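Participant: Just dropping this structure here.
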Amino acid sequence: MPETQSFYRPVDIGSLHLEGNLFLAPVAGYSDRAFRSVCRLGGADFAYTEMVSAEALVRGSDKTALIMERAPGETSYAVQIFGGNSETVAEAARIVYKRVKPELIDINAGCPVPKIIKSGAGSFLTKHPDKLYAVVKAAAQAVPIPVTVKIRSGWDANSITWSEALDAALEAGAAAVTIHSRTRAQGYEGKADRGVIAAAVQKLNGKIPLFASGDVFTPEDARDIFKETGCTGVMFARGAMGNPFIFRQTRDFLQTGSYTEIPFTERLKAAFGELELLCADKGEEAACREMRKRFCAYIKGVEGGAGLRKAVVSAKTPDDYRKIFEPLIVKIE
């Protein structure tokens, strides 16, 4: 029996029971219904929407509706919201629950983008645990489903506040916490600090689940994070882009000690499935424009990839994509 087998296991987040602990992280501009759907097919145990503005929800913005909708085949999912005003966040949580009935609501307290921080949301909340407490408590009291929170390790190297933020989230009633173990100042540069995850796990001592985020690109990365930190679950973000099968591969690796590479034809099938769903949701023009970067991710490492990328960035219709890839599929098969 591989020593990694025990790392893949069921997890309870408050009243929510999940059969596994490999999740798709909330990724702005990426974790839409189409991508979440192919990730579920690729083995993701749970997925989060891209973040939704609490202010926009309360104002009644139509732009938030599609972001929140459940994806095809998604038996359970989380809607992530962001905001700095506790009353607004509470009202937004109620709106989310009433409209789409997700199994969980997550509070974003980690986004490093300046315009989010200026609104008192995102990483601002990790830096100010009192504000984080108020926001999480208001949301947790507003809805009958678990509320969780995602934080950063701190503001910068001189302001590491994950411990205080963790205390605030726990006291406020968070059912789980995810830590992206970079500071706000790092953004997505440098390396995630697994030591922060390990220390947070020790601090929580099993009171609530602790999920790890940051630098998870391979099944081996996931194994190492589980092994080094003792975290409850792992979130894939950039690691799932172009490879929604990373979840299945990781599960296989954790259970058996090995996994198989995904044939390029299967990856392309997922890409075209994603394109079809995105066209249905956003229309062909917007979907085909959005899928340019996603097809580039799918073809990463493929022989002749440079030429394919050059063709992809000019694709405007589904037929354009088919003309680019059909000859390649025939050649491979």
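Participant: Inside segment 47-90, can you point out the residues that are in a loop (DSSP other than H, G, I, E, B) and over 21 Å from the mean Cα position of the chain (by Cα)?
Facilitator: Across segment 47-90, the qualifying residues are Gly60, Ser61, Asp62, Asn85.
Participant: Could you run through segment 155-184 and say how many residues are open to solvent by 60 Å² or more (accessible area, probe 1.4 Å) and either in a loop (DSSP other than H, G, I, E, B) or closer than 25 Å to Asp224 by Cβ (or both)?
Facilitator: 4
Participant: Something else now. From the residues in segment 189-206 that are among the basic types (Lys, Arg) and under 19 Å from the mean Cα position of the chain (by Cα), which one is nearest to Ser163 (Cα to Cα)?
Facilitator: Here the answer is Arg194.
Participant: Here is a further query. Here are Ala109, Ala34: which of them is touching a Ser or Thr at 6+ places or on another chain (Cβ under 7 Å), buried (at least 21 other Cβ atoms within 10 Å of the Cβ) and aliphatic (A, V, I, L, M)?
Facilitator: Ala109
Participant: Please go through segment 211-236 and give me each residue that is in contact with a His (Cβ under 6 Å, 6 or more places away or on another chain) and outside any strand (DSSP E or B), ordered by number.
Facilitator: If the condition is that a residue be in contact with a His (Cβ under 6 Å, 6 or more places away or on another chain) and outside any strand (DSSP E or B), then Gly214 is the only one that fits.
Participant: Taking segment 56-98 on its own, how many of its residues are open to solvent by 50 Å² or more (accessible area, probe 1.4 Å), farther than 22 Å from Asp12 by Cβ and either of a type in the set (A, V, I, L, M, F, W, C) or at pLDDT 95 or above (or both)?
Facilitator: 7
Participant: What helices (runs of 4 or more DSSP H), lying completely within segment 237-318, carry at least 1 residues that are touching a Lys or Arg at 6+ places or on another chain (Cβ under 9 Å) and open to solvent by 30 Å² or more (accessible area, probe 1.4 Å)?
Facilitator: Those helices (runs of 4 or more DSSP H) span 264-282, 284-298, 305-312.
The values are calculated or read from the model by the stated rules, or taken from the named source; none is laboratory data. This one's a predicted model, so the numbers in the text were calculated from it and none came from an experiment. Neighbour counts run over all protein chains shown; Cβ positions are idealised from the backbone, glycine included. What goes into the accessible areas is simple: the full protein's heavy atoms, side chains included, and nothing from ligands, DNA or RNA. Shrake-Rupley method; radii C 1.70, N 1.55, O 1.52, S 1.80 Å.
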